[in-house]
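Encoded as structure tokens, the structure appears first; notes follow it.
The values are calculated or read from the model by the stated rules, or taken from the named source; none is laboratory data. Small disclaimer: the values here were computed from a predicted structure and weren't measured. Here the Cβ is made from the backbone with ideal geometry for all residues, glycine too, and neighbour counts use every protein chain on show.
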Amino acid sequence: MKKHLLTAALTAAIATSSMANAADIKVGVILGFTGPIESLTPDMGASAELAFKEASDSGMLLGGSKIVPVRADSTCVDASAATAAAERLITSDKVVAIMGADCSGVTTAIANSAAVPNGVVMVSPSATSPALSTIEDKGLFFRTAPSDARQGQVLADAVVEGGIKEIAVTYTNNDYGKGLADSFVAAFKAHGGTVTIVAAHEDGKADYSAEVAALAASGAEKLAVLGYLDQGGKGIIQASIDTGAFETFALGDGMIGQSLVDAFGADMVDSIGTSPGGASAATKTFVKMAKANKIGGEGPYDGTSYDAGALIALAIQAGNSADRASIQANMNKVANAPGTKIYPGELKKALEILSKGGEIDYVGATNIEFNEVGEVFGTYKQLEIKDNKFSTVKIR
């Protein structure tokens, strides 16, 4: 009789433990679903959620647990609204980690005021300001898109190789724009180029003809636009084309998106741009996966968003816990060597290796390897407009 009672008790305990292990795990997805990059964020969010679904559907995550994404709007520009949204995710929804945010200013605000004080890991797929490298994040902030300290150099290299020796520069007046502009200008000057004017522009204006007139008066034939494709950057290009001031542009990653091509593609003669990403077999695998799930896959931050989501799921498994501190402790462990290299579509394989105590080295869609401050070196695509879309002409 005692043996039967003991067996029943053990069975009940195992069942209870299994149910506990298979609980839903809430992860925040905070992006600017409204605002200056709103044409990019639907695919970014969907790409991260594709990784969550892949991990959940595998049946391997913490004994059958599923990740439930909880979305919030960062607005990309309103630090107060973004912080309030993040606080709701953390305190009310009780998310264990955050995929996001997107734009550098709101990402900094969320990290400083909400995530870090509450011990919540953030993995941004698109916040690129160099200033984020030195925030007091207590090891909780990571990003899968490389810093603009590198992008500025890459864009300057591309412009110089195109034979341009003189250029005007305009940037969106925030952390992202200023950081990228500083990096680009320094790199372009180091190549011996001349920057005729550097001028900030504000987002949200109905007309940018005055700004463009000042840029054109500097005498440059080419204009670097380091802004947002759904806001001021678009307005600058519209005014440039309307007045005939510029028709050749150098574009930062915030300007890369199909909506810009649809609006002005035929009028942007010999324009180039840069965007995080590559043309590796892993990247192509991710794009194929994304398209099969009705996600664009080729946006500037789609691959980095998938990788951000995947890393959170893998860190949960590596620590055998959805505890916030455990996730933080295991981010570098799953992202860096040594271990079995893991590519897009291989999350089940990775989760199984981790469940057996093995090691993985997540490469992902965008060649992930974190440095000492949780950043990637990254690769960049040099882009031109061809056949009514942004097309990769070189990997840098």
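Some observations on this one:
- SER133 satisfies every condition listed in (1) more than 26 Å from ASP230 (Cα to Cα); (2) among the small types (Gly, Ala, Ser); (3) touching a helix residue (DSSP H, G or I) at 6+ places or on another chain (Cβ under 6 Å) except (3).
- Residue count, the range 312-344 (criterion: under 19 Å from LEU89 (Cα atoms) and part of a helix (DSSP H, G or I)): 8
- Residue match in the range 300-316 (condition: farther than 22 Å from SER56 by Cβ and at pLDDT below 95): yes
- Flag for LEU140 being modelled with pLDDT of 95 or more and out of contact with any helix residue (DSSP H, G or I) (no Cβ under 6 Å at 6 or more places or on another chain): no
- Residue list for the range 141-167, restricted to those being farther than 23 Å from VAL77 by Cβ and not in a helix (DSSP H, G or I): GLY162, GLY163, ILE164, LYS165, GLU166, ILE167
- Residue match in the range 218-230 (condition: out of contact with any Asp or Glu (no Cβ under 8 Å at 6 or more places or on another chain), surrounded by fewer than 23 Cβ atoms within 10 Å (Cβ to Cβ) and modelled with pLDDT of 95 or more): yes
- Filter pass, THR170 being crowded, with 23+ Cβ neighbours inside 10 Å, assigned to a loop (DSSP other than H, G, I, E, B) and either of a type in the set (Val, Ile, Thr) or in contact with a Ser or Thr (Cβ under 7 Å, 6 or more places away or on another chain) (or both): no
- Residue pairs meeting the criteria (Cβ under 6 Å; at least 6 apart or on separate chains; first farther than 13 Å from HIS201 by Cβ, in the range 167-180; second of a type in the set (Gly, Ala, Ser) and in a strand (DSSP E or B)): ILE167/ALA224
- Some residue of the range 145-159 being in contact (Cβ under 8 Å) with a residue 24 or more places away in the chain, under 30 Å from SER321 (Cβ atoms) and among the aliphatic types (A, V, I, L, M): yes
- Among residues that are surrounded by 23 or more Cβ atoms within 10 Å (Cβ to Cβ), in contact with a strand residue (DSSP E or B) (Cβ under 6 Å, 6 or more places away or on another chain) and more than 30 Å from ASN173 (Cβ to Cβ), ILE67 is included.
- Test result for GLY378, at pLDDT below 95 and part of a loop (DSSP other than H, G, I, E, B): yes
- Any chance ASP242 is at pLDDT 95 or above and buried (at least 24 other Cβ atoms within 10 Å of the Cβ): no
- Of all residues assigned to the range 109-127, at least one qualifies as being buried (at least 19 other Cβ atoms within 10 Å of the Cβ), among the hydroxyl-bearing types (Ser, Thr, Tyr) and in the same structural domain as ALA308 (by TED's automatic domain parsing).
- Test: residue in the range 35-48 that is modelled with pLDDT of 95 or more, among the β-branched types (Val, Ile, Thr) and within 14 Å of the chain's Cα centre (by Cα): yes
- Listed by position, the helices (runs of 4 or more DSSP H) contained in the range 178-285 that have at least 2 residues being within 26 Å of the chain's Cα centre (by Cα) and within 22 Å of PHE377 (Cβ to Cβ) form an empty set.
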